[in-house]
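Single-structure report; data block below.
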Amino acid sequence: MAKYVFVTGGVLSSLGKGILAASITKLLRQGGVKAVSMKVDPYLNCDAGTLNPFEHGEVFVTRDGFECDLDVGNYERFSNEFAVKEQNLMMGSVYKTVIERERRGEYLGKTIQLIPHATNEVKARIRNCAKATEAEVLVVEIGGTVGDIESEVVLEAARQMNFEEPPEAVTFVHLALVPTITTGEVKTKPMQHSVKSLLARGITPNFIVARSPKMIAEPVKEKLSLFCNVRPENVFCSPDAVTIYEVPMLLEKQGMHERLSERMDLKLRKLDLKEWSGLVDRLKKCAITEKKVRIGVIGKYATSKDTYMSVFEALNHASAHAGVCVEADLVDSEEIEKHGIGALKDYHGILVPGGFGGRGIEGKIAAIQYAREKDVPYLGICYGLQLAIVESARNVLGWKDANSSENDETTKHAVIDLLPEQRSVTEKGGTMRLGAYDVAIVKGTGAHKLYGSEKISKRFRHRYEINPEFIPDLEKAGWVFSGKDPKREIMKVGELTGHAYFMGSQYHPEFDSRLETPEPMFLGFVSAAAKRA
Ligand code: GLN
């Protein structure tokens, strides 16, 4: 029988509940317990695919093809295990299931209510996730902040689970802000109020974690303990960290794993965090090193790095392994359109990540042209590969109208296009290639050197492909297609020879990168960029 840890958040969002959930999972796993994380999002969306990346950050894709909240990416990176679709539940899909059941008459004339019908479905999905992942402990992060109207149903389901399961099988961990005001005083009141909110919902937290700029002092812990009705040894602190990967170690130092193990009656062996802490030390050193390898990530959503979270994390991982210090900036492609490529001169490498639609693409294409012509290492991910193909078609082959049919349906040179069988599909939903597929790597190419294998399996999220009609011309322009669909002549990896590093993939290599094992394409890119630094 699985045990459950519910992670709730108070006072405000973006405190790092996902990192806390991933860190708890990591500590338990290092202690030999099969822990798995799950995120329950209270939104009415059915998955993250339709959310706005400006507000919610990157859409992470599981190997089984589910478009997830970005926290699932953190779960993979911290647990070093592939996630499955059951690990992200968006409440829209719960309500949809309940309403569809009602329409089919499955409730036999009953009044359908949030409690018990929606809460039953939430509990079933949580238990099903534990089953699907064979988790001994399922760490369930409840999205949003306690008190949000939308989260009520999820919290109520968690309360019911606590009631239904044996006493040691359900644990509540509450994370809330403990701010320091201008006088330097550390304030516990926001935490106290958010714990009161939980109590009002029938949930008594077993652990509280104070999110504060610095480690809180013992008297503050004691105060939190007394006012929040949580034993002093179960009050922890998650101070600001140089890197997110340090958080499990900060919690371990405070003995959180031991307290969790006591509470849940687990058999935890001594934690082994040696490799992890060595890598964290390298990242921490990087933060204070002057000599940086500067990477420009050219994005459309340039307000927050969260939009490309896995890309920035993959650069960090490669950095720790290449023995260099990467400093990656998010560069707004529309700024390049307005002011030219001048700002790119400081970068030792240029990366264009995935994207959709026409906004900002001319800026990305200008950046790609600059990288190609000036021998600056370039990595193109999905749209970044497609636009590199467009750039070559325009500036090497001289087809000024070349484009992706995603942006220009009438161009004669649709070098990026839908495959013939997709052209007749008018709906957008369900037409995307999502999840993991095999890629055949061509021997003797740059990609083969990086992967050391003729067969890899990578995650995709796209509709358009390099138009097979133009392959011979593109090859004349210098492109080598080093990764292909194993079943048909559709290109999945492209590279330019005679360049410091110029490579792109139709898949998303960033999803597979780990602190322990960086993704080869990123490692190759960062190593090439380091030579220019
Ligand atoms: N918009 C492009 C497509 O649908 C690229 C998608 C992406 O970069 N993930 O094919």
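Where a number appears in this text, it was derived from the coordinates with a stated rule and is not lab data. For clarity, every value in this text was computed on a predicted model and none was experimentally measured. Glycine also receives a Cβ, built like all others from the backbone with ideal geometry; neighbour counts cover every protein chain displayed.
From the list F511, F525, F502, pick out the single residue that is among the aromatic types (F, W, Y) and either surrounded by fewer than 23 Cβ atoms within 10 Å (Cβ to Cβ) or within 16 Å of the ligand (Cβ to nearest atom) (or both). Talk me through it step by step, then tell me what you get.
On the way: F525 fails: either surrounded by fewer than 23 Cβ atoms within 10 Å (Cβ to Cβ) or within 16 Å of the ligand (Cβ to nearest atom) (or both); F502 fails: either surrounded by fewer than 23 Cβ atoms within 10 Å (Cβ to Cβ) or within 16 Å of the ligand (Cβ to nearest atom) (or both).
It is F511.
Would you confirm, using the coordinates I've provided, whether G342 is without any contact (Cβ under 8 Å) to a residue 24 or more places away in the chain and of a type in the set (G, A, S)?
On the way: without any contact (Cβ under 8 Å) to a residue 24 or more places away in the chain: yes; of a type in the set (G, A, S): yes.
In short, yes.
Quick test of your reading of the structure: G398 fulfils all but one of (1) of a type in the set (G, A, S); (2) in contact with a helix residue (DSSP H, G or I) (Cβ under 8 Å, 6 or more places away or on another chain); (3) away from the ligand (no atom under 13 Å from the Cβ). Name the failing condition by number.
Looking at each condition in turn, G398 falls short on (2).
Could you please find all residues in region 144-163 being assigned to a helix (DSSP H, G or I) and aliphatic (A, V, I, L, M)? Step through it out loud before you land on a result.
Within region 144-163, the subset assigned to a helix (DSSP H, G or I) is 149-163.
Scanning region 144-163 gives I149, V153, V154, L155, A157, A158, M161.
Looking only at region 207-219, count every residue that is within 23 Å of I19 (Cα to Cα), surrounded by fewer than 20 Cβ atoms within 10 Å (Cβ to Cβ) and not basic (K, R) and tell me the total.
From region 207-219, those within 23 Å of I19 (Cα to Cα) are 207-217; that's our starting set.
Next cut, surrounded by fewer than 20 Cβ atoms within 10 Å (Cβ to Cβ) only: 213-215, 217.
In the following step, the residues that additionally are not basic (K, R) were identified as 213, 215, 217.
Residues flagged as within 23 Å of I19 (Cα to Cα), surrounded by fewer than 20 Cβ atoms within 10 Å (Cβ to Cβ) and not basic (K, R) within region 207-219 amount to 3.
Can you find a residue that is buried (at least 19 other Cβ atoms within 10 Å of the Cβ), farther than 25 Å from F54 by Cα, more than 16 Å from the ligand (Cβ to nearest atom) and of a type outside the set (F, W, Y) anywhere in region 327-339?
For region 327-339, residues buried (at least 19 other Cβ atoms within 10 Å of the Cβ), farther than 25 Å from F54 by Cα, more than 16 Å from the ligand (Cβ to nearest atom) and of a type outside the set (F, W, Y): absent.
Can you tell which of E152, E168, E164 is surrounded by fewer than 19 Cβ atoms within 10 Å (Cβ to Cβ) and under 26 Å from the mean Cα position of the chain (by Cα)? Explain how you work it out, then say what you get.
Working: E168 fails: under 26 Å from the mean Cα position of the chain (by Cα); E164 fails: under 26 Å from the mean Cα position of the chain (by Cα).
Matching residue, one of E152, E168, E164: E152.
In region 436-469, what count of residues is obtained for those that are within 16 Å of the ligand (Cβ to nearest atom) and not β-branched (V, I, T)? Before you say what the answer is, go through the steps one by one.
We begin by selecting, within region 436-469, every residue within 16 Å of the ligand (Cβ to nearest atom); these are 436-437, 439, 458-468.
Then drop every residue that is not not β-branched (V, I, T), which leaves 436-437, 458-465, 467-468.
Number satisfying all stated conditions: 12.
For region 32-76, how many residues meet the condition of being within 21 Å of P353 (Cβ to Cβ), touching an Asp or Glu at 6+ places or on another chain (Cβ under 9 Å) and of a type in the set (D, E)?
Summing the residues that are within 21 Å of P353 (Cβ to Cβ), touching an Asp or Glu at 6+ places or on another chain (Cβ under 9 Å) and of a type in the set (D, E) in region 32-76 gives 6.
Please work out which residue is surrounded by the fewest Cβ atoms within 10 Å (Cβ to Cβ), limiting yourself to region 36-59 and to residues that are hydrophobic (A, V, I, L, M, F, W, C) and closer than 29 Å to M1 by Cα.
Step one: filter region 36-59 for residues hydrophobic (A, V, I, L, M, F, W, C), giving 36, 38, 40, 44, 46, 48, 51, 54, 59.
Now drop any that are not closer than 29 Å to M1 by Cα, which leaves 36, 38, 40, 46.
Values: V36: 26, M38: 30, V40: 27, C46: 17.
Selected residue: C46.
Just for strands (runs of 3 or more DSSP E) wholly inside region 478-523: which have at least 2 residues that are small (G, A, S)? Let's see the steps before the verdict.
Values: elements: 479-484, 491-496, 502-505.
Here the list reads 479-484, 502-505.
Take the residues of region 342-353 that are part of a loop (DSSP other than H, G, I, E, B) and buried (at least 24 other Cβ atoms within 10 Å of the Cβ): which is farthest from the ligand (Cβ to nearest atom)?
Within region 342-353, the subset part of a loop (DSSP other than H, G, I, E, B) is 347-348, 353.
Subset that is buried (at least 24 other Cβ atoms within 10 Å of the Cβ): 347, 353.
Numbers: Y347: 21, P353: 7 Å.
Looking at the filtered set, the residue picked out is Y347.
Hey, can you tell me all the residues within region 284-314 that are assigned to a helix (DSSP H, G or I) and β-branched (V, I, T)? Let's see the steps before the verdict.
Quick first cut of region 284-314, residues assigned to a helix (DSSP H, G or I) only: 284-288, 305-314.
Within region 284-314, I288, T307, V311 qualify.
Please go through region 241-254 and give me each residue that is assigned to a loop (DSSP other than H, G, I, E, B) and more than 18 Å from K274 (Cβ to Cβ), ordered by number. Step through it out loud before you land on a result.
Going through region 241-254, the residues assigned to a loop (DSSP other than H, G, I, E, B) turn out to be 241-243, 254.
Those that are assigned to a loop (DSSP other than H, G, I, E, B) and more than 18 Å from K274 (Cβ to Cβ): A241, V242, Q254.
Can you find a residue that is within 30 Å of E165 (Cα to Cα), surrounded by fewer than 17 Cβ atoms within 10 Å (Cβ to Cβ) and of a type outside the set (D, E) anywhere in region 302-320? Break it down into steps so the answer makes sense when it comes.
Just the residues of region 302-320 that are within 30 Å of E165 (Cα to Cα), to begin with: none.
No.
Give just the number: which of (1) within 16 Å of the ligand (Cβ to nearest atom); (2) more than 16 Å from K300 (Cβ to Cβ); (3) of a type in the set (S, T, Y) does Y383 not satisfy?
(2)
Only residues that are within 21 Å of H499 (Cβ to Cβ), in contact (Cβ under 8 Å) with a residue 40 or more places away in the chain and not hydroxyl-bearing (S, T, Y): list them for region 429-448, please. Show your work before the answer.
Our first condition is that a residue be within 21 Å of H499 (Cβ to Cβ); within region 429-448, this holds for 441-448.
Retained after the next criterion (residues that are in contact (Cβ under 8 Å) with a residue 40 or more places away in the chain): 441-442, 445-447.
Those that are within 21 Å of H499 (Cβ to Cβ), in contact (Cβ under 8 Å) with a residue 40 or more places away in the chain and not hydroxyl-bearing (S, T, Y): I441, V442, G446, A447.
Kindly provide the set of residues from region 364-380 that are within 15 Å of the ligand (Cβ to nearest atom) and crowded, with 24+ Cβ neighbours inside 10 Å, ordered by number.
If we filter region 364-380 for residues that are within 15 Å of the ligand (Cβ to nearest atom), which is where we start, we get 364-365, 368, 379-380.
Result: K364, I368, L379, G380.
Please state which one of N234, N229 is in contact with a strand residue (DSSP E or B) (Cβ under 7 Å, 6 or more places away or on another chain) and farther than 26 Å from H317 by Cα. Don't jump to the end; show me each part of the working.
On the way: N229 fails: in contact with a strand residue (DSSP E or B) (Cβ under 7 Å, 6 or more places away or on another chain).
Within the list N234, N229, the selection yields N234.
Output the number of the condition that K458 fails; it satisfies all remaining conditions of (1) over 26 Å from L434 (Cα atoms); (2) in contact with a helix residue (DSSP H, G or I) (Cβ under 7 Å, 6 or more places away or on another chain); (3) without any contact (Cβ under 8 Å) to a residue 60 or more places away in the chain.
(1)
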